[in-house]
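Supplied in structure tokens, the structure appears directly below.
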Amino acid sequence: MSIVNTAEGYGALTKLFHWLIVVLFLLQYVGGAIMTSMEWGQTVAGLSQAFYYNWHKSLGLVALAIAIPRLLNRQVGSLPPWAPGLTSLAQRFVHRCEQVLYLAMFVMPVSGYIYVMAGDFGVNLFGVYKLYNPIGKWEAMAAAGKWVHIVSGYVLMAAILGHLAVVFRHQFWLKDGLLKRMLPNNNR
């Protein structure tokens, strides 16, 4: 398998970045749901709300750090042709979902960062290093960052569900092996 995309299939870097982002998005949604539903002073799995918020912010920055080389990797090599079973309508739908997913990889962490910095909540990176706040307290900016972060989270969820619907339809209904294209050690 090539490290970059080729006409024969997705490259190892594309697959690695894809699955890293899948895991990070999953962790972010689960952690976000836990932290926003907790009462002050409550713990879940022995961890405080502050812990969940801090890890959510830290993982968001990790996701942004992965999104940058992922986007650069996308520009290298050539994409494989569309899977044979995808109709032109499905191709357009998948393309739009992918555009939203790529945009969200940047909008989500940047808007979250703006929200916590302008709200003067700060980021203590994995509980080890307190990041410098270049924005300072700015309530209007914090409110805008929070609004963008929340709305883009719902848009991202819709794109993820759309993407999964296409994959599951092909994997379990049409049984054409579409999912194999993104699995490790597969050259299709």
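Just so it is clear, none of the values below were taken in a lab; they were calculated from the coordinates. Computed from a predicted model, the values in this text were never measured in an experiment. In this analysis, Cβ positions are derived from the backbone assuming ideal geometry, glycine residues included, and neighbour counts consider all displayed protein chains.
SER37 versus ARG181, label points 7 Å from Cα toward the beta carbon: distance in nm?
3.5
Once you charge only the Cβ atoms, +1 for Lys and Arg and -1 for Asp and Glu, what is the size of the charge dipole of segment 43-188 about its Cα centre, to the nearest 20 debye?
Its charge dipole is roughly 420 debye.
Between segment 84-99 and segment 1-52, what's the alpha-carbon centroid distance in Å?
24
Please report the relative contact order for segment 12-182, taking Cα pairs under 8 Å with a sequence separation of at least 6, and give it as a percent rounded to a whole number.
Computed over segment 12-182, the figure is 21 percent.
Return the lysines within reach of LYS180: Cα separation strictly under 28 angstrom, same-chain partners fewer than 8 residues apart disregarded; answer none if there are no such residues.
LYS15
Looking at the square roots a ≥ b ≥ c of the eigenvalues of the Cα gyration tensor of the chain, which shape do they give, rounded for a/c under 1.5, prolate if a/b is larger than b/c, or oblate?
prolate
Let me make sure I get this right: for segment 43-86, a, b and c are the square roots of the gyration tensor eigenvalues over alpha carbons, sorted descending. Under 1.5 in a/c it's rounded, otherwise prolate if a/b > b/c, else oblate. Which is it?
oblate
Oh, and also: Do any trypsin sites (Lys or Arg not before Pro) in segment 45-143 lie in a loop, going by DSSP, with at most 14 other beta-carbon atoms within 10 Å of their beta carbon, and if so which?
LYS137
Which order do the peptides 42-49, 146-153 come out in when sorted by mean C-beta neighbours inside 10 angstrom, highest first?
Taking the mean over residues of other Cβ atoms within 10 Å, the ranking is 146-153, 42-49.
Which distance in nm do the two modelled labels at LYS130 and ILE3 give, with both placed 7 Å along the Cα-to-Cβ direction?
4.0
Under a straight-distance cross-link criterion of Cα-Cα below 16 Å, which lysines are reachable from LYS130, leaving out those fewer than 8 residues away in the same chain?
LYS57
While we're on this one: Per-residue ellipticity at 222 nm for the chain, helices alone: DSSP H runs ≥ 4 residues times -39500 (n - 2.57), over residue total, nearest 500 deg cm²/dmol? Let's see the in-between values first.
Values: 4 runs with 113 residues, N = 188.
Only helices count here, giving -21500 deg cm²/dmol.
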